[in-house]
């Protein structure tokens, strides 16, 4: 539509009401964009959208048929309903009207014909849009899962419907042409109104409610209509029904067995949603048929044991022995409760006779936290097997209704679903909709009608289904799996069910939901109802049903007997991400040595050349970037590197050695501080980019560098999951500023820090957290090192001898490098060491371009290593006995200390040592320094506030190092609530104050 037409459209809103009065179904006009066939009225020559026709008429009255021109003119002029239409003097139109009259079998009344046909089409559309509101979704019949408001008046009852659309009972037997946007007719193009309504009721108002009309893709909408509207779609074979019953037996009897054996144990059972098990198995069966070979799953604790037993097929005795309180832990770490653990299993799918790998990810009680982790692991598996379309690897995420609506990470995860570097090409989401949170009703738990409404942000279709109708559940899950295979987009299955017990088996739900639980106590179990249905149909006999129950009960009893022989718990049996070949058979590293991380001069020069060039012809870069690349080339010629070039050297060498690298985060391609520039953009051609790092060597590993969405929680979880898939990749996440990691604290606290202890799952993810007090205010200064250090598992009072074992025993490694060479070495060590630990790097901001923060190639040659501590190499080394103070520090403050020391002329009296690796603490190297300067005061200096930063972590370890024979003094900012001041002048005053303290040799005299 041209500008004039757009203007006319914007000015015509008031007139739409007038048209709506004349053409009763236009209330409002925009709701009725369904295709309207005008064949009966326009001599079979036209088929247009009525709304579009109206706006086209506004722009040019001659663009529509004369009959519509007359109608729109009169309606626009305010003609009352029934008086807007006047027959045009055209023979063709008269013939069309005669055809219409003949078709519906009534006396000539053209306006009534127009209105009735449009009414029927609007009625069809109303069911497609709002039929789910009146579907029979709630097994309890109390509709707690549905919008508490009144149901839509246009589809409540037949009488209401007819009156709303200007129809009456006399119209029920009239035959109407069906629009092209419905499949209820099957092979028929016309149906009586009575049959139309009946078929719409069957399609949209029974046990399945479909939300899809918000999707803005016609092909997808037509696909869904066809799946749910065609007559007779839910037909199952006898074998399919018997299989479904057997799966329901296993799901139900498993829970009942646990209840009989361990009635007082928490297990977060599945009672009330037993159909979840056949639902998942149906998705897996259909996906396997479509070629999927690996499925990664994530779920909350409710129903986890049942899923492990009957979907993943974990040995029942291994599950049952978990209930033995006397079971001793054989593996390292704390372990976790049985309903948090995961599992990996490769088996034959009995329906398809194809191998399939199932992985259920371990996760904590922090609901939905596992969502992005699953997506990251799925993406990694797709990447490593070359599955660019998601045809071989997929993910299934299970959710609770309250968490799905309430947890923001659900939105963050959905938001990643179509991003190029994060998409997994469609996830099937299954919501176990208990209609209640812990004790919280939906009306106070969410503002939306359904808990699934968040999925609409990515145009994911939502299939609500009554979980007490197993066949409807099975059908919906088949459709969901087909949708994912066809469109490679997310889809949601909402299993509307109930929770037979309380939040856990010990909880009393009657305290808070008395009416709901009175109804639940009366509720017949879904297995019993379905078995009675099949027996009545003759699909099974009662004897066959009872034999199926007895057979599974026997399996459980035998497994229970075997479980009593288990005396030791092996958490490794519950591993969800095995790394075949990386460890020895006993799970230990193949070596406990750390090789040199240096490179040859030739390699450094070659990588430096790539880093300072554009390895693509006819590629125009920004002029400012040309100067940056020339500066890099100059550094390479001088055999030095800054921070960005040191990172380039580490990445480039690892890629050349075959290690895949993935760097993700906000603005990482250029770098927040415009220092990295790993992706070059052609200044003349849109979307043309160059990644020089992918031109290091002919057979190198690929380098993935990707700007992320503005998310920390979701993206860090995703990268963690990616790093889980393989130990042979360097996966890094960089925060825009280190301060912002706190919005991903759940991933750090629940997965990264304790992951190996809880789930015996090593992970080598690297967190790059820009940190430093630069006067930039409280939100752009501190990466909160105190939080990471507090969570270290190292004993501050025990002095260990350093070995690679110290690195192996820690839960993570924390560094604050002050030189590019050390950053280079720690990144290479992360891959070359024989195990994987999370690496936390407090990266610099001002040091990125500091003239003194450069490293010589000599510090990166073969034989060199990462320096856990960098001692003072100045004049103090000549006469260490004369040194009066040794100042220990870390990171950027070192350069401020050396500048101040030089200004004060104290190069011979004050030594400065940099602790580069904070955890594990370098006790042995610190001891060398304290022994060397035996007459010196020990001072810890930091730029952070005293209650933050490193002081509380460093002080007891320094005291242990000197056997508590010497005090440790503090020089730094005083305690504060905020991490930094927002006033630049105040920042500089604070800086000078603690520098004065650090170099005032009398500052601590007389103190103890």
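The values are calculated or read from the model by the stated rules, or taken from the named source; none is laboratory data. Just so you know, these numbers come straight off a predicted model, no measurement behind them. All Cβ positions, even for glycine, are placed from backbone atoms using ideal geometry, and neighbour counts span all protein chains on display.
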Looking only at the stretch 390-417, how many residues end up being assigned to a loop (DSSP other than H, G, I, E, B) and under 15 Å from residue 299 (Cα atoms)? 1
What are the pairs with Cβ atoms under 8 angstrom where one residue, in the stretch 662-689, is not assigned by TED's automatic domain parsing to the domain that holds residue 628 and the other, located anywhere, is part of a strand (DSSP E or B) and surrounded by fewer than 21 Cβ atoms within 10 Å (Cβ to Cβ)? Sequence gap at least six, or different chains. none
Search the stretch 121-158 for residues being modelled with pLDDT under 65 and not in a loop (DSSP other than H, G, I, E, B), and hand back the single one that is surrounded by the fewest Cβ atoms within 10 Å (Cβ to Cβ). 153
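Okay, residues lined up against (1) surrounded by fewer than 24 Cβ atoms within 10 Å (Cβ to Cβ); (2) under 30 Å from the mean Cα position of the chain (by Cα); (3) closer than 17 Å to residue 869 by Cβ:
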site: 767; (1), (2), (3): no, yes, no
site: 774; (1), (2), (3): yes, no, no
site: 787; (1), (2), (3): yes, yes, no
site: 791; (1), (2), (3): yes, yes, no
site: 794; (1), (2), (3): yes, no, yes
site: 797; (1), (2), (3): yes, no, no
site: 805; (1), (2), (3): yes, no, no
site: 816; (1), (2), (3): no, yes, yes
site: 858; (1), (2), (3): yes, no, no
Hey, residue 643 hits all of (1) assigned by TED's automatic domain parsing to the domain that holds residue 685; (2) farther than 20 Å from residue 849 by Cα but one; which does it fall short on? (2)
Right, residue 431: part of a strand (DSSP E or B), in contact with a helix residue (DSSP H, G or I) (Cβ under 6 Å, 6 or more places away or on another chain) and buried (at least 24 other Cβ atoms within 10 Å of the Cβ) or not? yes
Determine which single condition residue 907 fails, assuming it passes every other condition in (1) farther than 21 Å from residue 974 by Cα; (2) at pLDDT 95 or above; (3) touching a helix residue (DSSP H, G or I) at 6+ places or on another chain (Cβ under 7 Å). (2)
I'd like to verify a number: residues in the stretch 506-538 that are within 23 Å of residue 549 (Cα to Cα) and modelled with pLDDT under 90, how many? 0
Looking only at the stretch 436-484, which residues are free of Cβ contacts under 8 Å to residues at least 12 places away in the same chain and either touching a strand residue (DSSP E or B) at 6+ places or on another chain (Cβ under 7 Å) or more than 25 Å from residue 502 (Cβ to Cβ) (or both)? 447
Is it true that some residue in the stretch 242-250 is under 21 Å from residue 561 (Cα atoms), outside any helix (DSSP H, G or I) and assigned by TED's automatic domain parsing to the domain that holds residue 309? no
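Could you check the stretch 859-878 and list, in sequence order, the residues that are assigned to a loop (DSSP other than H, G, I, E, B) and under 18 Å from residue 999 (Cβ atoms)?
872, 874
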One residue is enough: does the stretch 292-307 have a residue meeting the conditions at pLDDT 95 or above and either part of a loop (DSSP other than H, G, I, E, B) or outside the structural domain of residue 416 (by TED's automatic domain parsing) (or both)? yes
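Quick check on the stretch 763-792: of everything there that is on the phi > 0 side of the Ramachandran plot and in contact with a helix residue (DSSP H, G or I) (Cβ under 8 Å, 6 or more places away or on another chain), which residue is modelled with the highest pLDDT?
784
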Exclusive hit being at pLDDT below 80 and either assigned to a loop (DSSP other than H, G, I, E, B) or in the same structural domain as residue 426 (by TED's automatic domain parsing) (or both), set 371, 387, 336: 336
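Can you find a residue that is over 24 Å from residue 587 (Cα atoms) and modelled with pLDDT under 90 anywhere in the stretch 340-348?
Taking the stretch 340-348 as the starting set, the residues that turn out to be over 24 Å from residue 587 (Cα atoms) are 348.
So of that shortlist, the ones also modelled with pLDDT under 90 come out as 348.
Yes, the stretch 340-348 contains a residue that is over 24 Å from residue 587 (Cα atoms) and modelled with pLDDT under 90.
Yes/no matrix, rows are residues, columns are (1) touching a strand residue (DSSP E or B) at 6+ places or on another chain (Cβ under 9 Å); (2) touching a residue at least 24 places away in the same chain (Cβ under 8 Å):
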| residue | (1), (2) |
| --- | --- |
| 644 | no, yes |
| 691 | yes, no |
| 697 | no, yes |
| 719 | yes, yes |
| 737 | yes, yes |
| 741 | yes, yes |
How many residues does the stretch 405-425 contain that are more than 12 Å from the chain's Cα centre (by Cα), crowded, with 20+ Cβ neighbours inside 10 Å and on the phi < 0 side of the Ramachandran plot? 1
Any residue that is touching a residue at least 24 places away in the same chain (Cβ under 8 Å), surrounded by 13 or more Cβ atoms within 10 Å (Cβ to Cβ) and on the phi > 0 side of the Ramachandran plot - is there at least one of those in the stretch 995-1007? no
Taking the stretch 159-209, which residues are assigned to a helix (DSSP H, G or I) and more than 29 Å from residue 137 (Cα to Cα)? 170, 171
Mind listing whichever residues of the stretch 669-689 are in contact with a strand residue (DSSP E or B) (Cβ under 8 Å, 6 or more places away or on another chain) and in a loop (DSSP other than H, G, I, E, B)? 669, 672, 673, 678, 679, 682, 688
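Let's see how each residue does on (1) crowded, with 23+ Cβ neighbours inside 10 Å; (2) farther than 28 Å from residue 460 by Cα; (3) in contact (Cβ under 8 Å) with a residue 24 or more places away in the chain; (4) in contact with a strand residue (DSSP E or B) (Cβ under 6 Å, 6 or more places away or on another chain):
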residue: 233; (1), (2), (3), (4): no, no, yes, no
residue: 242; (1), (2), (3), (4): no, yes, yes, no
residue: 266; (1), (2), (3), (4): no, yes, yes, no
residue: 272; (1), (2), (3), (4): yes, no, yes, no
residue: 275; (1), (2), (3), (4): yes, no, yes, no
residue: 279; (1), (2), (3), (4): yes, no, yes, no
residue: 294; (1), (2), (3), (4): no, no, yes, yes
residue: 298; (1), (2), (3), (4): yes, no, yes, yes
